[in-house]
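Data first, discussion second: the structure below is written as structure tokens.
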Amino acid sequence: MRRLLLLLVASTLWWAAPPAADAEAGSRVAFIGVPGLQWSDVDASNTPNLWRLAGQSAIGSLSVKAVGTVTCPYDGWLSVASGVRSAVGHRCGRSPEPVVQGEGAFMPQVADLLKTTDGAAAGTLGSAVKAAGQCTAAVGKGAALGLADRSGKVDLYADTPDKLADWSRCRVMAVDVATIVEPYLVNDRLSFDAEPLPQERRRELVRQADAQVGAALAKLPADTEILLAGISDHAGVPHLRVTMWKKPGAEHRAIGANSTRRDDLVALPDITPTILTAAGIPVPATMIGLPWQLGDPITPDDLRTADMAGTSVRGATGIFFTTFAVIQVGFYALAYFLLSRRKKLGFIGVAAIVLAGAPVSTYVVNLLPWENSPYPIPTLIAGVLGCVAVIASIALLGPWRRDPLGPPATVAVITATVLVGDLLTGTTLQFNSLMGYTAVVGGRFYGLANIPFALMATSVLMATAIAAEHLVRAGRKRAAVGVVAALGLVAMLLAGWPGIGSDFGGVIAFVPGIAVTGLLVAGQRVSIMKLFGFCVLGGVAVSIIATLDYLRPPQSQTHLGRFVGQVIDGTFLPMIGRKLGAMLSTMLSPNLMPIVIAGLAFLIFAVLRPGQISAGIVPRAFARAPMLRAGLIGALVSAVVGMLVNDSGTAVLSMAVALMVPLVLHAGVRSPEEEELLGSPVNERGRHGDVVASEA
């Protein structure tokens, strides 16, 4: 265990080590914001200036997630001004008009933004520049908002590039090219449609924006470090946006950031510290973004594919979860009908294993290059079904198939192994997966998401309980408790460790699940007070992990350490409020609640009224393997606590139920011939090894 802890610490320090500075301090920097620009817009013929700049720059993708589902130009520029995700709300539109004052400008809206929850950091960028004794120059109203200090002032301002006389006076400049996004704003709001304008109209808008970018580039001094980004969405469907970074030695390389742990992806708040770092200006501690970093070579085609993969998965997720919920509910209804008549028990066992293998298949499929197919979503779904078939075949046809616990243990071990392996290799399987997360949504970019946490916790606890069952049969109860504690602790550390799982709520939920499973394996009772104490212990554990993360340099911290910083400076309440609102909004989800209700109802009533509901299947499973009950209860505890402390809410409980209930059902199934041989649905003395599972 000690060696494991040392390995975790060493790997985290290596993974999150501060990047070496790529630029000399104090260079002139210009940021060009082109709201709505994505890589599918950029080509050599229609956008020659952008194409030329891309060839001279590092390139990458930008997640423009601010606060809402989509980010309007106002929110985009406000987030640049703040260095944190910021918003004015209500599907806002264009940036406000500044008031020209001499050669500068004044943004009167800043004073009101400072009084709001999601705009309280407005002016942080401009104030940091002023505090360093430098001036700001803005072209366009969005740029004026981005560079205004906390009093609302910008030193130099012009509404178009040709009206700004001196482009070399200020070290920090910003240019707003809003040509693409302006026609998408109806009544100053973004449309809900995916693409409301015809393709040719958009190409014309992009062509005009390219000309404006070219005019700005022609004015900039030759030694200027240039950042360009498409800082907002343009309609109702989020996309990844363009980033370019022109500086010596950056050509053709990827742009990443420690905030995303991705070599070719940055987040909206990362723009602000990158501007300040390039200008040699200290980054305020309130900023959550981290400076851009250079990665390996990459092409625009790679970035177009990344956007397509993310948007495709996001678009398919709703249909997928609806279908999954219908299949789950249908399975329980069919199982009730067949079990109550003691028919097709072998079929139910096979179906249960197939259903339990579906969640992990949504990650395994990402080992295949489905995003390169001409038909990505059909290919993705076909790949998932193929993975389900392979996993079910391994579970049902392996040498362990005669043991009632063999197939359930196999599915649990495969699920746990895939998710742990994914955590240790940079979470490439959860990324752009149907049960994971995507960069276009922007809720998480690395680590263990809430649904994978539910599956990992459930599979680990069920697998360790089955392992404990075999140890208990051999008379080694103490070793069984040790296995649950050791494997559970390892999984919990991986789930919460910064730079690996980085899951705050997962640690809080995992600890009581491990403790309850261990106590039940040991034959001890679990009281409400003990359960409460285990939850407190989970909170203490994650607090220690987060504090250790906070003690590292800011550029190495994950969101765990930054949360500690927010607690210290008192800025954590808005984030807590958003997560609480997100959790509550899932409670009545039509895709998730049916899974919870059907699965738990079947499980509970199968225990209370086995003769009518399950023909004794669930009690039989517990009689065959008492430790299975310990794993089930422990997993339920983790799922319920996880539902309450994570912003995904019901999603955590629904996915835990979707895995655990089919595994328990399979463990209790036996063929009619075996029923007649044994003469009773449950082995009254609960002996082990005298019941053989159906070979179905």
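The values are calculated or read from the model by the stated rules, or taken from the named source; none is laboratory data. Computed from a predicted structure; not experimentally measured. Methodologically, a virtual Cβ is constructed for each residue, glycine included, from the backbone with ideal geometry; neighbour enumeration extends over all protein chains shown. Note: accessible area is taken over every heavy atom of the protein model, side chains too, but ligands, DNA and RNA are not part of it. Shrake-Rupley method; radii C 1.70, N 1.55, O 1.52, S 1.80 Å.
Observations
- Subset of the range 315-353 [of a type in the set (Lys, Arg) and surrounded by 19 or more Cβ atoms within 10 Å (Cβ to Cβ)]: Lys344
- Residues satisfying the stated conditions in the range 508-534, i.e. assigned to a helix (DSSP H, G or I), open to solvent by 30 Å² or more (accessible area, probe 1.4 Å) and touching a Lys or Arg at 6+ places or on another chain (Cβ under 8 Å): Leu519, Leu520
- Gly104 falls short on exactly one of the conditions (1) closer than 26 Å to Pro282 by Cβ; (2) touching a residue at least 40 places away in the same chain (Cβ under 8 Å); (3) in contact with a Gly (Cβ under 8 Å, 6 or more places away or on another chain); (4) surrounded by fewer than 24 Cβ atoms within 10 Å (Cβ to Cβ), and that condition is (3).
A quick yes/no check of all residues on (1) within 20 Å of the chain's Cα centre (by Cα); (2) modelled with pLDDT under 80; (3) crowded, with 21+ Cβ neighbours inside 10 Å:
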{"site": "Leu537", "(1), (2), (3)": "no, no, no"}
{"site": "Tyr550", "(1), (2), (3)": "no, no, no"}
{"site": "Gln557", "(1), (2), (3)": "yes, no, yes"}
{"site": "Ile568", "(1), (2), (3)": "no, yes, no"}
{"site": "Met583", "(1), (2), (3)": "yes, yes, yes"}
{"site": "Ala606", "(1), (2), (3)": "no, yes, yes"}
{"site": "Ala625", "(1), (2), (3)": "no, no, yes"}
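- Against the conditions (1) within 19 Å of Met627 (Cβ to Cβ); (2) surrounded by 18 or more Cβ atoms within 10 Å (Cβ to Cβ); (3) without any contact (Cβ under 8 Å) to a residue 40 or more places away in the chain, Gly475 satisfies every one except (2).
- When residues of the range 149-163 are limited to those that are in contact with a strand residue (DSSP E or B) (Cβ under 6 Å, 6 or more places away or on another chain) and over 14 Å from Phe31 (Cα atoms), the one most open to solvent (accessible area, probe 1.4 Å): Lys153
- Residue match in the range 88-101 (condition: modelled with pLDDT under 90, open to solvent by 20 Å² or more (accessible area, probe 1.4 Å) and charged (D, E, K, R)): yes
- Of the residues making up the range 129-147, none is surrounded by fewer than 24 Cβ atoms within 10 Å (Cβ to Cβ), of a type in the set (A, V, I, L, M), assigned to a strand (DSSP E or B) and without any contact (Cβ under 8 Å) to a residue 40 or more places away in the chain.
- Residue that is acidic (Asp, Glu), on the phi < 0 side of the Ramachandran plot and open to solvent by 10 Å² or more (accessible area, probe 1.4 Å), where the choices are Asp263, Asp270: Asp263
- Within the range 179-292, strands (runs of 3 or more DSSP E) holding 1 or more residues that are polar (S, T, N, Q) and closer than 30 Å to Asp569 by Cβ: 240-246
- Among the residues listed as Gly443, Gly421, the single one being under 26 Å from Val266 (Cβ atoms), surrounded by fewer than 17 Cβ atoms within 10 Å (Cβ to Cβ) and among the small types (Gly, Ala, Ser): Gly443
- In the set (1) outside any helix (DSSP H, G or I); (2) within 19 Å of the chain's Cα centre (by Cα), Gly475 fails one condition alone, (2).
- Number of the exception - Ala485 against (1) buried (at least 21 other Cβ atoms within 10 Å of the Cβ); (2) in contact with a helix residue (DSSP H, G or I) (Cβ under 7 Å, 6 or more places away or on another chain); (3) at pLDDT 90 or above: (1)
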